[in-house]
Amino acid sequence: MIALTTTSIAWILLVVVTAGFIVYAVLNIRSAREELGSEIELAPNRKEYYDDETLEGPRLERVQLLGVLLLIISVVGLPLYWVFEPARQAGAVEAKEEIFVEWGQRLFAPTAEGGFNCAGCHGGYAGGGGEAAWNVTNSTTGEVQAVNWKAPALNTIFSRFDEDEVRFILVYGRPFSPMSPWGVEGGGPMNSQQIDTLISYLWSIQVEREDCGPGEDDPQKCASGHIPSDIQDDIETRAWQLVNDGTYASYGEALFNLDLNSGAYSCARCHTPGWSWGDPGKTGQGAFGWNLTGGKAASAFPTEDDMITFIKNGSNYGAKYGIQGQGSGRMPGFGKMLTDEQITAIVEYVRGL
(Lines give C-alpha, C1' and ligand atoms only; values in the text may rest on other atoms or scores of the structure.)
Protein backbone atom coordinates (compact mmCIF):
# COMPACT_ATOMS: atom_id res chain seq x y z
CA MET A 1 0.00 0.00 0.00
CA ILE A 2 2.84 2.42 0.86
CA ALA A 3 4.51 1.75 -2.45
CA LEU A 4 1.26 2.37 -4.32
CA THR A 5 0.66 5.63 -2.40
CA THR A 6 4.17 6.87 -3.20
CA THR A 7 3.65 6.11 -6.87
CA SER A 8 0.33 7.98 -6.86
CA ILE A 9 1.93 11.07 -5.29
CA ALA A 10 4.68 10.98 -7.90
CA TRP A 11 2.12 10.88 -10.70
CA ILE A 12 0.18 13.80 -9.18
CA LEU A 13 3.38 15.90 -8.94
CA LEU A 14 4.22 15.05 -12.54
CA VAL A 15 0.75 16.12 -13.72
CA VAL A 16 0.93 19.40 -11.76
CA VAL A 17 4.39 20.27 -13.10
CA THR A 18 3.39 19.39 -16.66
CA ALA A 19 0.20 21.44 -16.44
CA GLY A 20 2.14 24.43 -15.05
CA PHE A 21 4.66 24.20 -17.89
CA ILE A 22 1.87 24.11 -20.48
CA VAL A 23 0.16 27.17 -18.95
CA TYR A 24 3.49 29.02 -18.83
CA ALA A 25 4.24 28.18 -22.46
CA VAL A 26 0.76 29.25 -23.65
CA LEU A 27 0.98 32.61 -21.84
CA ASN A 28 4.44 33.31 -23.26
CA ILE A 29 3.33 32.44 -26.79
CA ARG A 30 0.34 34.75 -26.51
CA SER A 31 2.53 37.54 -25.12
CA ALA A 32 5.07 37.13 -27.93
CA ARG A 33 2.36 37.62 -30.56
CA GLU A 34 1.37 41.09 -29.33
CA GLU A 35 2.71 43.63 -31.82
CA LEU A 36 3.24 47.04 -30.29
CA GLY A 37 4.77 48.75 -33.25
CA SER A 38 8.45 49.35 -33.94
CA GLU A 39 11.36 47.14 -32.96
CA ILE A 40 12.33 49.63 -30.28
CA GLU A 41 8.88 49.35 -28.70
CA LEU A 42 9.12 45.52 -28.83
CA ALA A 43 12.65 45.31 -27.39
CA PRO A 44 12.48 44.05 -23.78
CA ASN A 45 15.13 46.47 -22.57
CA ARG A 46 13.09 49.38 -23.94
CA LYS A 47 9.73 48.38 -22.43
CA GLU A 48 8.57 49.97 -19.26
CA TYR A 49 8.95 47.52 -16.37
CA TYR A 50 7.76 47.39 -12.76
CA ASP A 51 8.92 50.20 -10.54
CA ASP A 52 11.02 49.61 -7.42
CA GLU A 53 8.02 49.74 -5.11
CA THR A 54 6.31 46.90 -6.99
CA LEU A 55 9.47 44.84 -7.45
CA GLU A 56 10.40 45.05 -3.77
CA GLY A 57 6.84 44.71 -2.54
CA PRO A 58 4.06 42.19 -3.43
CA ARG A 59 5.92 40.70 -6.39
CA LEU A 60 9.03 40.00 -4.36
CA GLU A 61 6.93 38.44 -1.59
CA ARG A 62 5.19 36.16 -4.10
CA VAL A 63 8.51 34.99 -5.55
CA GLN A 64 9.90 34.42 -2.05
CA LEU A 65 6.79 32.45 -1.08
CA LEU A 66 7.13 30.31 -4.21
CA GLY A 67 10.79 29.69 -3.38
CA VAL A 68 9.93 28.66 0.17
CA LEU A 69 7.24 26.28 -1.11
CA LEU A 70 9.68 24.66 -3.54
CA LEU A 71 12.26 24.39 -0.74
CA ILE A 72 9.71 22.69 1.51
CA ILE A 73 8.87 20.22 -1.27
CA SER A 74 12.56 19.41 -1.71
CA VAL A 75 13.36 19.20 2.00
CA VAL A 76 10.31 17.08 2.83
CA GLY A 77 9.80 15.19 -0.43
CA LEU A 78 13.31 13.81 -0.87
CA PRO A 79 13.55 12.30 2.64
CA LEU A 80 10.06 10.84 2.23
CA TYR A 81 11.11 9.28 -1.07
CA TRP A 82 14.22 7.91 0.65
CA VAL A 83 12.07 6.43 3.44
CA PHE A 84 9.43 4.89 1.18
CA GLU A 85 11.70 3.70 -1.64
CA PRO A 86 12.57 0.35 0.04
CA ALA A 87 8.86 -0.28 0.58
CA ARG A 88 8.20 0.57 -3.04
CA GLN A 89 10.85 -1.88 -4.20
CA ALA A 90 9.56 -4.56 -1.83
CA GLY A 91 6.05 -3.89 -3.09
CA ALA A 92 7.24 -4.32 -6.66
CA VAL A 93 8.85 -7.68 -5.82
CA GLU A 94 5.71 -8.81 -3.98
CA ALA A 95 3.50 -7.69 -6.85
CA LYS A 96 5.69 -9.62 -9.29
CA GLU A 97 5.41 -12.76 -7.15
CA GLU A 98 1.62 -12.34 -6.96
CA ILE A 99 1.48 -12.04 -10.74
CA PHE A 100 3.58 -15.19 -11.10
CA VAL A 101 1.27 -17.06 -8.72
CA GLU A 102 -1.77 -15.95 -10.73
CA TRP A 103 -0.16 -17.04 -14.01
CA GLY A 104 0.90 -20.34 -12.45
CA GLN A 105 -2.63 -21.00 -11.22
CA ARG A 106 -3.91 -20.57 -14.77
CA LEU A 107 -1.44 -23.20 -15.97
CA PHE A 108 -2.36 -25.49 -13.05
CA ALA A 109 -6.09 -25.22 -13.86
CA PRO A 110 -8.17 -28.04 -15.40
CA THR A 111 -8.31 -28.32 -19.17
CA ALA A 112 -11.88 -27.02 -19.23
CA GLU A 113 -10.62 -23.76 -17.71
CA GLY A 114 -7.77 -23.37 -20.19
CA GLY A 115 -5.00 -24.89 -18.04
CA PHE A 116 -2.72 -27.90 -18.44
CA ASN A 117 -4.84 -29.95 -16.02
CA CYS A 118 -2.36 -30.34 -13.14
CA ALA A 119 -5.39 -29.89 -10.89
CA GLY A 120 -7.19 -32.75 -12.64
CA CYS A 121 -4.66 -35.30 -11.40
CA HIS A 122 -3.33 -33.76 -8.19
CA GLY A 123 -6.56 -33.02 -6.35
CA GLY A 124 -7.81 -29.60 -7.49
CA TYR A 125 -6.27 -26.21 -6.90
CA ALA A 126 -5.23 -27.15 -3.34
CA GLY A 127 -3.03 -29.95 -4.71
CA GLY A 128 -3.94 -32.37 -1.94
CA GLY A 129 -3.53 -35.49 -4.07
CA GLY A 130 -5.82 -37.27 -6.51
CA GLU A 131 -5.86 -39.84 -9.30
CA ALA A 132 -4.71 -39.98 -12.91
CA ALA A 133 -6.02 -42.28 -15.64
CA TRP A 134 -3.25 -44.59 -16.85
CA ASN A 135 -2.65 -47.86 -18.67
CA VAL A 136 -0.34 -50.57 -17.36
CA THR A 137 0.85 -53.77 -19.01
CA ASN A 138 0.89 -57.05 -17.15
CA SER A 139 4.47 -58.32 -17.36
CA THR A 140 3.30 -61.94 -17.37
CA THR A 141 0.30 -61.94 -19.71
CA GLY A 142 1.02 -58.79 -21.73
CA GLU A 143 -2.52 -57.64 -21.05
CA VAL A 144 -3.07 -53.86 -21.03
CA GLN A 145 -5.18 -52.63 -18.14
CA ALA A 146 -6.72 -49.21 -17.49
CA VAL A 147 -6.06 -48.07 -13.92
CA ASN A 148 -6.43 -45.01 -11.68
CA TRP A 149 -2.92 -44.06 -10.61
CA LYS A 150 -2.68 -42.34 -7.23
CA ALA A 151 -1.19 -38.91 -7.90
CA PRO A 152 0.79 -37.49 -4.95
CA ALA A 153 -0.10 -34.39 -2.97
CA LEU A 154 1.64 -31.22 -4.13
CA ASN A 155 0.85 -29.05 -1.10
CA THR A 156 3.86 -30.63 0.65
CA ILE A 157 6.07 -31.15 -2.40
CA PHE A 158 8.75 -28.72 -1.16
CA SER A 159 8.90 -30.60 2.12
CA ARG A 160 10.13 -33.61 0.13
CA PHE A 161 12.07 -32.07 -2.76
CA ASP A 162 13.96 -28.82 -3.16
CA GLU A 163 13.01 -26.35 -5.88
CA ASP A 164 15.60 -27.54 -8.41
CA GLU A 165 14.40 -31.12 -8.04
CA VAL A 166 10.77 -30.06 -8.53
CA ARG A 167 11.77 -28.09 -11.62
CA PHE A 168 13.60 -31.16 -12.99
CA ILE A 169 10.50 -33.33 -12.44
CA LEU A 170 8.25 -30.77 -14.13
CA VAL A 171 10.56 -30.44 -17.12
CA TYR A 172 11.43 -34.12 -17.65
CA GLY A 173 8.51 -35.89 -15.97
CA ARG A 174 8.57 -39.20 -14.09
CA PRO A 175 9.29 -42.14 -16.42
CA PHE A 176 7.00 -45.18 -16.07
CA SER A 177 4.25 -43.04 -14.48
CA PRO A 178 1.46 -40.72 -15.69
CA MET A 179 3.70 -37.72 -14.94
CA SER A 180 4.81 -36.73 -18.44
CA PRO A 181 7.46 -34.13 -19.31
CA TRP A 182 6.05 -30.61 -19.28
CA GLY A 183 9.12 -28.52 -20.09
CA VAL A 184 10.28 -27.79 -23.63
CA GLU A 185 13.66 -29.41 -22.89
CA GLY A 186 11.89 -32.64 -21.95
CA GLY A 187 9.58 -32.56 -24.96
CA GLY A 188 6.66 -30.84 -23.24
CA PRO A 189 4.64 -27.69 -24.03
CA MET A 190 5.86 -25.28 -21.32
CA ASN A 191 8.74 -22.84 -21.69
CA SER A 192 11.03 -21.93 -18.79
CA GLN A 193 8.92 -18.88 -17.86
CA GLN A 194 5.81 -21.03 -17.53
CA ILE A 195 7.68 -23.58 -15.42
CA ASP A 196 8.83 -20.74 -13.11
CA THR A 197 5.30 -19.39 -12.70
CA LEU A 198 3.96 -22.89 -12.04
CA ILE A 199 6.59 -23.34 -9.30
CA SER A 200 5.52 -19.99 -7.80
CA TYR A 201 1.96 -21.30 -7.61
CA LEU A 202 3.12 -24.54 -5.99
CA TRP A 203 4.91 -22.49 -3.30
CA SER A 204 1.67 -20.58 -2.65
CA ILE A 205 -0.29 -23.75 -1.80
CA GLN A 206 2.30 -25.33 0.53
CA VAL A 207 1.14 -26.41 3.97
CA GLU A 208 2.68 -24.01 6.49
CA ARG A 209 5.50 -25.54 8.52
CA GLU A 210 6.05 -25.43 12.26
CA ASP A 211 9.15 -24.72 14.38
CA CYS A 212 10.76 -22.39 11.84
CA GLY A 213 14.15 -20.97 12.79
CA PRO A 214 15.18 -17.35 13.44
CA GLY A 215 14.73 -15.11 10.44
CA GLU A 216 12.50 -17.60 8.63
CA ASP A 217 9.42 -15.41 8.37
CA ASP A 218 7.59 -17.37 5.68
CA PRO A 219 6.20 -20.62 7.18
CA GLN A 220 5.61 -22.00 3.69
CA LYS A 221 9.30 -21.79 2.86
CA CYS A 222 11.19 -22.07 6.16
CA ALA A 223 14.10 -24.48 5.74
CA SER A 224 14.28 -25.78 9.30
CA GLY A 225 10.56 -26.40 9.91
CA HIS A 226 8.39 -29.48 9.47
CA ILE A 227 4.78 -30.16 8.54
CA PRO A 228 2.25 -29.42 11.31
CA SER A 229 2.31 -31.73 14.31
CA ASP A 230 -1.38 -32.55 13.92
CA ILE A 231 -0.66 -34.08 10.48
CA GLN A 232 2.25 -36.09 11.90
CA ASP A 233 -0.01 -37.20 14.77
CA ASP A 234 -2.63 -38.23 12.21
CA ILE A 235 -0.04 -40.40 10.48
CA GLU A 236 0.87 -42.05 13.76
CA THR A 237 -2.75 -42.60 14.77
CA ARG A 238 -3.63 -44.14 11.42
CA ALA A 239 -0.59 -46.41 11.49
CA TRP A 240 -1.34 -47.75 14.97
CA GLN A 241 -4.97 -48.37 13.96
CA LEU A 242 -3.75 -50.57 11.10
CA VAL A 243 -1.49 -52.45 13.53
CA ASN A 244 -4.23 -52.90 16.12
CA ASP A 245 -6.78 -54.21 13.60
CA GLY A 246 -4.25 -56.77 12.35
CA THR A 247 -3.67 -55.28 8.91
CA TYR A 248 0.07 -54.98 9.58
CA ALA A 249 2.34 -56.69 12.07
CA SER A 250 4.39 -53.68 13.15
CA TYR A 251 4.32 -49.92 13.37
CA GLY A 252 7.13 -49.65 10.81
CA GLU A 253 5.30 -51.89 8.34
CA ALA A 254 2.15 -49.78 8.71
CA LEU A 255 4.09 -46.57 8.06
CA PHE A 256 5.81 -48.14 5.04
CA ASN A 257 2.45 -49.04 3.48
CA LEU A 258 0.36 -46.16 4.78
CA ASP A 259 -2.15 -44.82 2.24
CA LEU A 260 -2.77 -41.35 3.57
CA ASN A 261 -3.33 -38.19 1.55
CA SER A 262 -3.09 -40.08 -1.75
CA GLY A 263 0.13 -41.76 -0.75
CA ALA A 264 2.10 -38.60 -0.09
CA TYR A 265 3.93 -40.34 2.76
CA SER A 266 3.93 -43.94 1.57
CA CYS A 267 7.20 -45.78 0.93
CA ALA A 268 5.23 -48.55 -0.80
CA ARG A 269 4.15 -46.03 -3.40
CA CYS A 270 7.56 -46.33 -5.07
CA HIS A 271 8.96 -49.56 -3.60
CA THR A 272 6.00 -51.96 -4.02
CA PRO A 273 4.86 -52.93 -7.54
CA GLY A 274 1.23 -52.13 -8.29
CA TRP A 275 0.70 -50.09 -5.12
CA SER A 276 0.14 -46.86 -7.06
CA TRP A 277 -3.02 -48.21 -8.72
CA GLY A 278 -4.41 -50.25 -5.83
CA ASP A 279 -3.08 -53.69 -6.84
CA PRO A 280 0.06 -54.14 -4.72
CA GLY A 281 2.42 -57.03 -5.30
CA LYS A 282 5.11 -58.22 -2.92
CA THR A 283 5.95 -55.51 -0.39
CA GLY A 284 9.20 -53.71 -1.06
CA GLN A 285 10.06 -55.68 -4.19
CA GLY A 286 10.63 -52.52 -6.19
CA ALA A 287 8.72 -50.40 -8.71
CA PHE A 288 9.74 -46.82 -9.37
CA GLY A 289 12.17 -47.24 -6.47
CA TRP A 290 14.66 -50.08 -6.08
CA ASN A 291 14.01 -53.52 -4.60
CA LEU A 292 14.38 -53.55 -0.80
CA THR A 293 13.78 -57.26 -0.20
CA GLY A 294 16.36 -59.97 0.42
CA GLY A 295 18.38 -57.83 2.78
CA LYS A 296 19.33 -55.37 0.03
CA ALA A 297 18.58 -52.33 2.21
CA ALA A 298 20.76 -53.61 5.01
CA SER A 299 23.59 -54.44 2.61
CA ALA A 300 23.41 -51.01 0.93
CA PHE A 301 23.73 -49.12 4.22
CA PRO A 302 26.29 -50.28 6.81
CA THR A 303 24.30 -48.95 9.77
CA GLU A 304 20.77 -47.89 10.59
CA ASP A 305 21.98 -44.33 11.16
CA ASP A 306 23.29 -44.16 7.57
CA MET A 307 19.92 -45.23 6.22
CA ILE A 308 18.01 -42.86 8.51
CA THR A 309 20.13 -39.97 7.26
CA PHE A 310 19.48 -41.00 3.65
CA ILE A 311 15.70 -41.16 4.16
CA LYS A 312 15.70 -37.80 5.91
CA ASN A 313 17.66 -35.99 3.19
CA GLY A 314 16.64 -37.92 0.11
CA SER A 315 18.73 -38.82 -2.91
CA ASN A 316 20.65 -35.75 -4.07
CA TYR A 317 21.58 -36.04 -7.73
CA GLY A 318 25.09 -37.42 -8.13
CA ALA A 319 25.76 -37.57 -4.39
CA LYS A 320 27.18 -40.71 -2.79
CA TYR A 321 25.09 -42.66 -0.29
CA GLY A 322 25.53 -45.93 1.56
CA ILE A 323 28.03 -48.35 0.04
CA GLN A 324 28.85 -47.25 -3.52
CA GLY A 325 25.44 -45.72 -4.03
CA GLN A 326 25.02 -42.65 -6.25
CA GLY A 327 21.93 -40.49 -6.00
CA SER A 328 19.55 -40.17 -8.94
CA GLY A 329 17.51 -37.37 -7.35
CA ARG A 330 14.32 -39.44 -7.45
CA MET A 331 14.18 -40.38 -3.77
CA PRO A 332 12.44 -37.60 -1.79
CA GLY A 333 13.60 -36.52 1.65
CA PHE A 334 11.19 -37.23 4.50
CA GLY A 335 12.94 -35.34 7.31
CA LYS A 336 10.32 -32.57 7.20
CA MET A 337 7.42 -34.99 6.74
CA LEU A 338 7.94 -37.67 9.37
CA THR A 339 9.24 -37.63 12.93
CA ASP A 340 12.57 -39.22 13.85
CA GLU A 341 10.69 -42.04 15.60
CA GLN A 342 8.61 -42.74 12.49
CA ILE A 343 11.64 -42.84 10.20
CA THR A 344 13.48 -45.11 12.63
CA ALA A 345 10.51 -47.51 12.71
CA ILE A 346 10.44 -47.64 8.90
CA VAL A 347 14.19 -48.30 8.72
CA GLU A 348 13.97 -51.14 11.22
CA TYR A 349 11.16 -52.74 9.19
CA VAL A 350 12.88 -52.31 5.81
CA ARG A 351 16.19 -53.74 7.01
CA GLY A 352 14.34 -56.91 7.98
CA LEU A 353 12.67 -57.48 4.61
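Remarks
- Restricting the first member to region 326-353 and to residues that are within 17 Å of GLY284 (Cβ to Cβ) and without any contact (Cβ under 8 Å) to a residue 40 or more places away in the chain, and the second to residues that are surrounded by fewer than 21 Cβ atoms within 10 Å (Cβ to Cβ) and of a type outside the set (Ser, Thr, Tyr), the beta-carbon pairs closer than 6 Å and six or more apart or on different chains are ILE343/ILE308.
- Set GLY329, GLY295: member being of a type outside the set (Val, Ile, Thr), more than 22 Å from ALA239 (Cβ to Cβ) and buried (at least 17 other Cβ atoms within 10 Å of the Cβ): GLY329
- Qualifying position, being touching a residue at least 12 places away in the same chain (Cβ under 8 Å), in a loop (DSSP other than H, G, I, E, B) and of a type outside the set (Phe, Trp, Tyr), among SER315, SER276, SER299: SER315
Per-residue answers, yes or no, for (1) part of a helix (DSSP H, G or I); (2) surrounded by fewer than 20 Cβ atoms within 10 Å (Cβ to Cβ); (3) among the small types (Gly, Ala, Ser):
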site: GLY127; (1), (2), (3): no, no, yes
site: GLU185; (1), (2), (3): yes, yes, no
site: ILE195; (1), (2), (3): yes, no, no
site: GLY215; (1), (2), (3): no, yes, yes
site: SER224; (1), (2), (3): no, yes, yes
site: GLN232; (1), (2), (3): yes, yes, no
site: GLU236; (1), (2), (3): yes, yes, no
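- Scanning region 144-166 finds one or more residues that are closer than 27 Å to ILE231 by Cα, of a type in the set (Phe, Trp, Tyr) and touching a strand residue (DSSP E or B) at 6+ places or on another chain (Cβ under 6 Å).
- Residue match in region 151-167 (condition: closer than 30 Å to PHE310 by Cβ, hydrophobic (A, V, I, L, M, F, W, C) and over 18 Å from the mean Cα position of the chain (by Cα)): yes
- Residues of region 198-213 that are crowded, with 17+ Cβ neighbours inside 10 Å and touching a strand residue (DSSP E or B) at 6+ places or on another chain (Cβ under 9 Å): LEU198, ARG209.
- Being modelled with pLDDT under 90 and over 25 Å from TRP149 (Cβ atoms) is a description that does not apply to SER266.
The values are calculated or read from the model by the stated rules, or taken from the named source; none is laboratory data. Bear in mind the structure is a predicted one, so any value in this text is a computation, not a measurement. FYI the Cβ positions are ideal-geometry reconstructions off the backbone, even for glycines, and counts take in every protein chain you see.
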